[in-house]
Amino acid sequence: MRAGDVFIGWLRYNMFWDSIPFVNMLYLLKKYRRQGFGKKLLEYWENEMMKNGCKIVMTSTLSNEKAQFFYRKNGYFDCGSLLLPGEPLEIILMKTLI
């Protein structure tokens with residue numbers, strides 16, 4: 001993602017079960033956080049996925065990370081979890097695209 005000519009961050013995804021777009025990482029450089037760029041980047045990606053015929057998208061975050069609140073604020077809801085030994089709970093989130 002760019003703001004003018006300045007690179008400020010990126011979104012990386014893959015296909016969960018070979019069919020559902022899944023955000024692996026949404027990252028913004030520190031000085032560009034909490035300014036709406038993350039929301040814009042996520043919305044752009046979701047719109048691209050809708051253009052490709054996708055009806056749902058997914059992501060995950062650890063239960064001790066603040067990202068879970070960002071995704072919920074942007075329409076994602078908890079749909080599962082994964083608990084590995086010695087690790088915080090991994091929260092799986094999804095969103096239905098309209």
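Pairs of Lys residues in the stretch 2-96 that lie 8 or more places apart, or on two chains, and have C-alpha atoms under 28 angstrom apart add up to 27. Within the stretch 1-31, the chymotrypsin sites (Phe, Trp or Tyr not before Pro) that combine a DSSP coil assignment with at most 16 other C-beta atoms in a 10 angstrom radius are TRP17. Treating each Cα of the stretch 2-96 as an identical point scatterer and ignoring solvent, apply the Debye formula and state log10 I(q)/I(0) at q = 0.14, 0.21, 0.23 Å⁻¹. Here log10 of I(q) over I(0) equals -0.54, -1.12, -1.28. Extension gain for ASP5-TYR32 works out to 8.3 nm (0.36 nm per residue, less the C-alpha to C-alpha distance).
Within a Cβ distance under 11 Å of ASN74, other residues only, what is the Lys/Arg minus Asp/Glu net charge? Provide the component values of the computation, followed by the final result.
Numbers: positive: LYS39, LYS40, ARG72, LYS73, LYS95; negative: GLU43, GLU46.
Local charge sum for ASN74: +3.
Under the convention that each Lys and Arg Cβ holds +1 and each Asp and Glu Cβ holds -1, the size of the dipole of the stretch 2-96 around its Cα centre is about 520 debye.
Entry note, the chain: the mean residue ellipticity at 222 nm calculated from DSSP H runs of n ≥ 4, each adding -39500 (n - 2.57), is -7000 deg cm²/dmol after division by the residues and rounding to the nearest 500. Applying 1/(1 + (r/R0)^6) with r as the Cβ-Cβ distance of MET50 and LEU84 and R0 = 30 angstrom yields a FRET efficiency of 0.40. Sparse packing (at most 11 other Cβ atoms within 10 Å of the Cβ) combined with a DSSP loop state is found for the following trypsin sites (Lys or Arg not before Pro) in the chain: ARG34, LYS55, LYS66. Here the Debye sum runs over all C-alpha atoms of the stretch 15-69 as equal scatterers in vacuum, and log10 of I(q)/I(0) at q = 0.15, 0.16, 0.19, 0.30 Å⁻¹ comes out as -0.50, -0.56, -0.77, -1.26.
Values quoted throughout were computed directly from the atomic coordinates according to the rules given, and no laboratory measurement underlies them. Since the structure is predicted, the reported quantities are computational estimates derived from the model, not experimental observations. Methodologically, a virtual Cβ is constructed for each residue, glycine included, from the backbone with ideal geometry; neighbour enumeration extends over all protein chains shown.
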